[in-house]
Amino acid sequence: FAFSPAAKADPPIAGLWHEYYTSTVGGPPFETYAQWHSDRLEIETPNFLNGVCMGTWKQVGARTFQLFHVGWTPGGIPGHAESVRFELRELNTVSVNGNRFDGPYDQKFFDANGNVVAEDKGVIHATRLTTDLY
């Protein structure tokens with residue numbers, strides 16, 4: 001079995017995604033481009049920060065993936081200038097055809113002392129980006 005194609009296939013989350021976040025508690029919507037790597041690392045470029053943030057993930061079901069993601073918030077976030085970093089958690093399920101995923105997210109913002117100064121919860125919807133789009 002170790003030499004079968006199924007054993008060597010990338011997980012269905014691996015690839016480039018256009019992600020849309022919609023808050024269910026009043027936070028602003030935002031979008032990102034994210035690269036999920038088969039080595040369980042994830043890199044993201046959000047439209048609300050200059051730079052990148054990154055995470056690590058694990059597969060928790062046949063098409064379900066749990067993400068832990070971190071980033072810096074230089075200058076804070078609206079209403080919370082004291083925010084210096086954030087942690088984002090997601091639980092995403094990839095569609096059967098592998099071209100989208102959806103799931104809930106929870107994002108907490110921290111000050112320099114580690115205190116939570118803001119939290120945003122909502123849903124994420126992502127579509128896969130491939131060279132086949134041309």
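The values are calculated or read from the model by the stated rules, or taken from the named source; none is laboratory data. Because the structure is a prediction, the values reported are computed rather than measured. Counting neighbours? That spans all protein chains shown, and the Cβs are built from the backbone with ideal geometry, glycine included. With ligands, DNA and RNA removed, areas are computed over all heavy atoms of the protein, side chains included. Shrake-Rupley method; radii C 1.70, N 1.55, O 1.52, S 1.80 Å.
Only one of Thr24, Thr56 is among the polar types (S, T, N, Q) and more than 22 Å from Asp10 (Cα to Cα); which? It would help to see each step written out before you state the result.
On the way: Thr56 fails: more than 22 Å from Asp10 (Cα to Cα).
Exactly one of Thr24, Thr56 is among the polar types (S, T, N, Q) and more than 22 Å from Asp10 (Cα to Cα), namely Thr24.
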Checklist line | Segments classed as strands (runs of 3 or more DSSP E), wholly inside the range 77-134, with at least 1 members that are polar (S, T, N, Q) and closer than 21 Å to Leu16 by Cα | finding: 85-94, 116-129
Notebook entry, point to check: Could you list, in sequence order, the residues of the range 71-83 that are open to solvent by less than 60 Å² (accessible area, probe 1.4 Å) and within 27 Å of Phe101 (Cβ to Cβ)?
Noted result: Gly71, Thr73, Ile77
Margin query: Only one of Phe86, Phe101 is more than 16 Å from Phe48 (Cβ to Cβ) and either polar (S, T, N, Q) or surrounded by 14 or more Cβ atoms within 10 Å (Cβ to Cβ) (or both). Can you tell me which?
Written below: Phe101
Next item on the list: Go through Ala62, Ala9 for me and flag whichever is open to solvent by 30 Å² or more (accessible area, probe 1.4 Å) and farther than 19 Å from His125 by Cα.
Entry: Ala9
Next item on the list: Could you tell me whether the range 72-91 includes any residue that is modelled with pLDDT of 95 or more, out of contact with any Gly (no Cβ under 8 Å at 6 or more places or on another chain) and at negative phi?
Entry: yes
Check: Any idea which of (1) over 25 Å from Lys108 (Cα atoms); (2) part of a loop (DSSP other than H, G, I, E, B); (3) at pLDDT below 95 is the one Gly26 doesn't satisfy?
Finding: (1)
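Provide a single number: the residues in the range 45-71 that are assigned to a strand (DSSP E or B) and at pLDDT 95 or above. Lay out the reasoning, then the answer.
Step one: of the range 45-71, the residues assigned to a strand (DSSP E or B) are 45-46, 53-59, 64-71.
Still in the list and also at pLDDT 95 or above: 54-59, 64-70.
Summing the residues that are assigned to a strand (DSSP E or B) and at pLDDT 95 or above in the range 45-71 gives 13.
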Note to self: Would you confirm whether or not the range 26-37 contains a residue that is β-branched (Val, Ile, Thr) and under 15 Å from Gly98 (Cα atoms)?
What the structure shows: no
Next item on the list: Scan the range 19-34 and report the pairs whose first residue is farther than 14 Å from Lys121 by Cα and whose second residue is part of a strand (DSSP E or B) and open to solvent by 70 Å² or more (accessible area, probe 1.4 Å), with Cβ atoms within less than 6 Å and a gap of 6+ or a chain change.
Entry: Glu31/Tyr20
